Amino acid sequence: VQLQASGGGLVQAGGSLRLSCAASGTVFSIDLMGWYRQAPGKQRELVATIITGGTTNYANSVKGRFIISKDGAKNTVYLQMNGLKLDDTAVYYCYARHNGVASWGQGTLVTVSS
């Protein structure tokens with residue numbers, strides 16, 4: 001499985017961005033996709049995940065602001081980020097789990113300015 005993430009950029013606090021992650025390869029084996037992020041000097045942390053059946057999971061810090069969704073026909077997962085805060089600044093990584101194996105995208109930088 002290969003993952004191609006896009007959509008990062010510079011946004012003012014309170015603004016919105018949408019990240020996309022397109023999967024290719026043996027996509028039929030994927031049972032979970034999601035987003036992690038890593039801020040400077042911090043460990044990588046979970047942001048949100050979505051399983052094949054559609055159930056979602058969010059970090060407490062983004063609940064009510066971020067929405068993860070998927071388009072099965074396009075093998076693409078989206079992360080709609082609203083009400084962005086300075087603390088959301090990080091490199092965001094797309095993630096997929098398939099047959100118990102993890103695959104990661106290349107990361108996309110999100111910078112929130114005041």
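The values are calculated or read from the model by the stated rules, or taken from the named source; none is laboratory data. Computed from a predicted model, the values in this text were never measured in an experiment. Positions of Cβ are generated from backbone atoms using ideal geometry, with glycine treated the same way; all protein chains shown enter the neighbour counts. We work out accessible area using only protein heavy atoms, side chains counted, and drop any ligands, DNA or RNA first. Shrake-Rupley method; radii C 1.70, N 1.55, O 1.52, S 1.80 Å.
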Scan the range 71-100 for residues that are of a type in the set (A, V, I, L, M, F, W, C), more than 21 Å from G9 (Cα to Cα) and either open to solvent by less than 30 Å² (accessible area, probe 1.4 Å) or touching a Lys or Arg at 6+ places or on another chain (Cβ under 6 Å) (or both) and report the count. 1
Answer yes or no as to whether D71 is touching a residue at least 24 places away in the same chain (Cβ under 8 Å) and charged (D, E, K, R). no
Residues that are surrounded by fewer than 16 Cβ atoms within 10 Å (Cβ to Cβ) and part of a loop (DSSP other than H, G, I, E, B), drawn from the range 1-43: A13, G14, G15, S16, G25, T26, A39, P40, G41, K42, Q43
Quickly run through the range 44-70 and pick out the residues that are open to solvent by 30 Å² or more (accessible area, probe 1.4 Å) and either among the β-branched types (V, I, T) or in a strand (DSSP E or B) (or both). E45, L46, I51, T52, T55, T56, N57, Y58, I67, S69, K70
Taking interchain pairs and intrachain pairs at least six residues apart, which have beta carbon atoms under 6 angstrom, with the first residue in the range 97-111 and outside any strand (DSSP E or B) and the second surrounded by 14 or more Cβ atoms within 10 Å (Cβ to Cβ) and not charged (D, E, K, R)? G105/L3; G105/A5; G105/C21; G105/Y93; G105/C94; G107/V91; G107/Y93
Residues located in the range 1-20, provided they are among the hydrophobic types (A, V, I, L, M, F, W, C), over 13 Å from L84 (Cβ atoms) and under 15 Å from the mean Cα position of the chain (by Cα): L3, A5
